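Here the structure comes first, spelled out in structure tokens, and everything after it is commentary.
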Amino acid sequence: MGLLRLLVLAVLASEPGVAGGAETVGNSSEGLLEFSVGKFRYFTLNRPSPEDAILRHISSNASFLIFQIHSQYQNTTISFTKTLLHNTSGTGTDKGLVFILRPEQSMCTWHLETLDAEPVQNMAIPLSYSERDPVPGGCNLEFDLDIDPNIYLEYNFFETTIKFAPANLGYARGTNPLPCDIGTGRDSRWRLLYDVYQYFLPENDLSQEGLLKHLQRMAEVPQVKANAIKVVTLTANDKPRVSFSSLRGQGVIYNVIVRDPLLNTSAAYVPVHTYACHFEAKEGNCSSLGRVSTKVFFTLFALLGLFICFFGHRFWKTELFFIGFIFTGFFFYIPVTRLTLLTYDVRLILTAVAGSVGGILLVAAWWRFGILLICMLCVGLELGFLISSVMFFALLGNLKIFQDDGVFWVTFSCIAVIIPVVFMGCLRILNILTCGFVGSYLVVLAFDSYLYTSLSYITLNILKRALHEDFHRAFTNVPFQTNDFIILAVWGMLAVSGVTLQMRRERGQPFFPAHPYKLWKRERERRVTNVLDPSYHIPPLRERLYCRLTQIKELFRKEQPAGERTPLLL
């Protein structure tokens, strides 16, 4: 069988090269997977039976080819030969090889295999480029392949980082490539520019068919420019490395287009995708969006937030507990996460306990001292925190100036502090606005525990920046799709309804309740001096407690028998 395959390859190699059309799905002949330039093909790889791919009828105008293969989460190996070498093969879910064509060459072959026990569904495409097009990865000095067109992706909970090798200028068949590091003028690879693109899959779509379909929009230069979002343009002097905020459970595809501004030509690297999660993990995989502890915590918190949204100003002490809980919990979670190695569930429980203590202390401080300005400062800062987070989420987050942590935190804090300062003359309005918008936003966070929504990253991005020292370099783009529009409408409806209802109900009422401690003290003095008050005759609390303890002791005392116990004298 091997001899027959070699004979077929020899016959195909002897055919003249023509620039013929290609079908969407090529034909297989004698165990070979046949491809056409610019056409995608779906196929399945099995561990016991590796495949050889062949491309023929290559145009004489082509100078090099990029053959790329994609799968969802199972690894595939692509190689120039059946003998796998580290500098001639690559393994992963999104891999490609550059094939430099020789003069008169019209046919190429690749070897494909997988080590996964289960069959792997793949999609592959060969793309051709001319001698004027830059060569992606042509000046690779970091990775294994001699010419590496791949994008290398790493992610954690906080950020997703892509890295790629610098490109080189294109060259004709049979000629040597230009040196990479000799000279930095206009005639060298230092004139090349790199456009980094980002493409979001539909939210909550983890299907293999959807991924492979959308990858077709990110393989070639015209499709990438038409469908994806250009995030940043790098020069040859910049590090070929870009970071993004990780979006767990959200499919994202990245690609880089290298441009030659002098010749007005371009070429695309091999696109890479991620969901920022593991499909095969037993716990916390891509199918389960949140832990049980997270769902319980935010569901209970959302119920409290919904109550505050509509009744917060009327139940002032409950609102103070709510405000103190958020304040203390947020600032407690940051150090306990950065300084300890506790598990997530333990940290969440400790945060809930610390938040409850903070809420109780704020209520106690109001009851004892009754200083309204301090309480309203906490209330206003929480509304300012939310407004500042929205501004960085929607407008300011990706500006280069805010990659500096000092500039970011000073600007963020100033926006947050401005809100209570502006509303200092109308504290009731400030309080009701905080109840409406902050309380209803907790419902959004609860939605995110069950159904992905980008609106949760309004505050999550701020928390990530406080927890992770390298998050300042990450771009914080998120998709805004159907689910987000629906949940945004729900958030707006709840906030407006809560604010309107409280404004109408509190019209004509006192702005804030009176000082609780003064009321209690006045009532106690009134009871002491007013003999006609029935409460005047009530014993003090200490005596009542002592009497009650005495009654409880009587229940456990052995009953003494009645009658004469002395013996009769005879």
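The values are calculated or read from the model by the stated rules, or taken from the named source; none is laboratory data. As the structure is a computational prediction, the values presented were derived from the model and not from experiment. Note: ideal-geometry Cβ built from the backbone for every residue, glycine included; neighbour counts use all protein chains shown. What goes into the accessible areas is simple: the full protein's heavy atoms, side chains included, and nothing from ligands, DNA or RNA. Shrake-Rupley method; radii C 1.70, N 1.55, O 1.52, S 1.80 Å.
A compact table of results
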{"read-out": "Search result, residues across the stretch 43-52 that are in contact with a Leu (Cβ under 7 Å, 6 or more places away or on another chain) and either open to solvent by 40 Å² or more (accessible area, probe 1.4 Å) or at pLDDT below 90 (or both)", "value": "Arg47, Pro50, Glu51"}
{"read-out": "Meets criteria (touching a Gly at 6+ places or on another chain (Cβ under 9 Å) and open to solvent by 20 Å² or more (accessible area, probe 1.4 Å)) for Leu463", "value": "no"}
{"read-out": "Residue identified as open to solvent by less than 20 Å² (accessible area, probe 1.4 Å), closer than 20 Å to Leu304 by Cα and of a type in the set (Ser, Thr, Tyr) among Ser497, Ser454, Ser449", "value": "Ser449"}
{"read-out": "Some residue of the stretch 127-147 being under 30 Å from Lys464 (Cα atoms) and of a type in the set (S, T, N, Q)", "value": "no"}
{"read-out": "Test: residue in the stretch 156-172 that is surrounded by 14 or more Cβ atoms within 10 Å (Cβ to Cβ), of a type in the set (Asp, Glu) and either at pLDDT below 95 or farther than 22 Å from Tyr129 by Cα (or both)", "value": "yes"}
{"read-out": "Matching entry among Gly305, Gly251 (being within 23 Å of Gly329 (Cβ to Cβ), in contact with a helix residue (DSSP H, G or I) (Cβ under 8 Å, 6 or more places away or on another chain) and not basic (Lys, Arg))", "value": "Gly305"}
{"read-out": "In the stretch 268-287, the residues that are open to solvent by 20 Å² or more (accessible area, probe 1.4 Å) and not hydrophobic (A, V, I, L, M, F, W, C)", "value": "His278, Glu280, Lys282, Glu283, Gly284, Asn285, Ser287"}
{"read-out": "Within the stretch 361-376, tally of residues that are in a helix (DSSP H, G or I), open to solvent by 20 Å² or more (accessible area, probe 1.4 Å) and more than 16 Å from Phe330 (Cβ to Cβ)", "value": "9"}
{"read-out": "Residue tally, condition open to solvent by less than 40 Å² (accessible area, probe 1.4 Å) and either touching a Pro at 6+ places or on another chain (Cβ under 8 Å) or not in a helix (DSSP H, G or I) (or both), over the stretch 307-360", "value": "3"}
{"read-out": "Exclusive hit being over 30 Å from Glu280 (Cβ atoms) and either in contact (Cβ under 8 Å) with a residue 60 or more places away in the chain or among the small types (Gly, Ala, Ser) (or both), set Gln68, Gln72, Gln105", "value": "Gln105"}
{"read-out": "Cβ pairs under 7 Å, 6+ apart, first in the stretch 385-400 and at negative phi, second outside any helix (DSSP H, G or I) and among the aromatic types (Phe, Trp, Tyr)", "value": "Asn398/Phe475"}
{"read-out": "Lone unmet requirement of (1) open to solvent by 30 Å² or more (accessible area, probe 1.4 Å); (2) in contact with a Leu (Cβ under 6 Å, 6 or more places away or on another chain) for Ala394", "value": "(2)"}
{"read-out": "Residue list for the stretch 121-137, filter: in a strand (DSSP E or B) and crowded, with 22+ Cβ neighbours inside 10 Å", "value": "Asn122, Ala124, Ile125, Pro126, Tyr129, Val135"}
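One line per residue, one yes/no per condition, for (1) among the aliphatic types (A, V, I, L, M); (2) at pLDDT 95 or above; (3) open to solvent by 70 Å² or more (accessible area, probe 1.4 Å):
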residue: Cys139; (1), (2), (3): no, no, no
residue: Asp146; (1), (2), (3): no, no, yes
residue: Asn150; (1), (2), (3): no, yes, no
residue: Gln198; (1), (2), (3): no, yes, no
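Matching residues to (1) farther than 20 Å from Leu396 by Cβ; (2) of a type in the set (Val, Ile, Thr); (3) within 18 Å of the chain's Cα centre (by Cα):
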position	(1), (2), (3)
Ala446	yes, no, yes
Tyr452	yes, no, yes
Leu455	no, no, yes
Thr459	no, yes, yes
Thr476	no, yes, yes
Phe480	no, no, yes
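Conditions tested, residue by residue: (1) at pLDDT below 75; (2) surrounded by fewer than 10 Cβ atoms within 10 Å (Cβ to Cβ); (3) of a type outside the set (Gly, Ala, Ser).
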site: Met503; (1), (2), (3): no, no, yes
site: Glu506; (1), (2), (3): no, no, yes
site: Pro510; (1), (2), (3): no, yes, yes
site: Leu519; (1), (2), (3): no, no, yes
site: Asn530; (1), (2), (3): yes, no, yes
site: Ile538; (1), (2), (3): yes, no, yes
site: Leu545; (1), (2), (3): no, no, yes
site: Glu554; (1), (2), (3): yes, yes, yes
site: Glu564; (1), (2), (3): yes, yes, yes
